[in-house]
1. Counting only DSSP beta bridges with both residues in region 1-49, tell me the antiparallel percent, nearest 5.
2. Report the antiparallel proportion of the DSSP beta bridges in the chain as a percent, rounded to a multiple of 5.
3. Rounding to the nearest 10 and keeping the result within 0 to 90°, find how far the Cα-based axis of helix 12-23 lies from the longest principal axis of the chain.
4. Note down the nm distance, to one decimal, between modelled labels 7 Å out along Cα→Cβ at Arg68 and at Ala125.
5. With Cβ to Cβ distances under 11 Å as the rule, what net charge do the other residues near Glu52 carry (K, R +1; D, E -1)?
6. Report the number of Lys pairs in the chain whose alpha-carbons are under 17 Å apart, with separation of 8 or more residues or on distinct chains.
7. About its Cα centre, what dipole magnitude does the chain give when the only charges are +1 on Lys and Arg Cβ and -1 on Asp and Glu Cβ, stated in debye to the nearest 20?
8. Per q in 0.10, 0.19, 0.23 1/Å, what log10 I(q)/I(0) does a Debye calculation on the alpha-carbon atoms of the chain return?
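Since every read-out is calculated from the coordinates, none of them should be taken as a lab result. Not measured: the values here are computed from a predicted model. With ideal geometry, Cβ positions are generated from the backbone for all residues, glycine too; neighbour counts draw on all protein chains shown.
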Amino acid sequence: MIDHIGLFVADAAKRADFYEKLLAPLGYVKKAAYPTAVCFANDEDGDGIWLESPKDGNPVVPSHVAFRAKTADAIKAFHEAGLAAGGTDNGKPGPRPNYGPGYYAAFVHDPDGNNIEAMLYDYQA
């Protein structure tokens with residue numbers, strides 16, 4: 001339903017490497033790069049996210065974005081890649097029964113404080 005979303009980071013060009021590593025386990029690849037914006041998209045379903053540098057000196061206001069994953073292993077790889085690339089843990093991979101039955105997720109704060117999640121709904125141990 002949503003084609004793409006924009007996420008503000010302090011410097012899109014500098015943050016592209018982090019997101020390239022973070023999103024690779026979920027099937028996202030860099031599609032476009034400009035000095036103040038970088039696009040990553042998933043070829044399978046066409047979803048996209050644009051990293052954008054704030055305009056006119058506006059501050060980065062951290063947001064929460066959740067990416068749907070296909071497997072728990074992809075979520076684990078997402079979490080490991082995010083930490084290895086310089087993110088901080090905001091929730092290790094695991095079931096989140098308080099979010100709903102079968103909800104499995106992991107959370108990584110990017111270096112700008114954005115809470116990036118990988119999740120799936122139909123996890124069964």
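1. Taking every DSSP beta bridge with both residues in region 1-49, the antiparallel ones total about 80 percent.
2. Of all bridge pairs located within the chain, approximately 70 percent are antiparallel.
3. Rounded to the nearest ten degrees, it is 20.
4. 2.5
5. +1
6. On the way: Lys14/Lys30; Lys14/Lys31; Lys14/Lys55; Lys21/Lys30; Lys21/Lys31; Lys21/Lys76; Lys76/Lys92.
Lysine pairs meeting both conditions in the chain amount to 7.
7. Values: 11 positive and 17 negative charges, 38 e Å.
So the magnitude is around 180 debye.
8. Treating every Cα as an identical point scatterer, log10 I(q)/I(0) equals -0.29, -1.02, -1.40.
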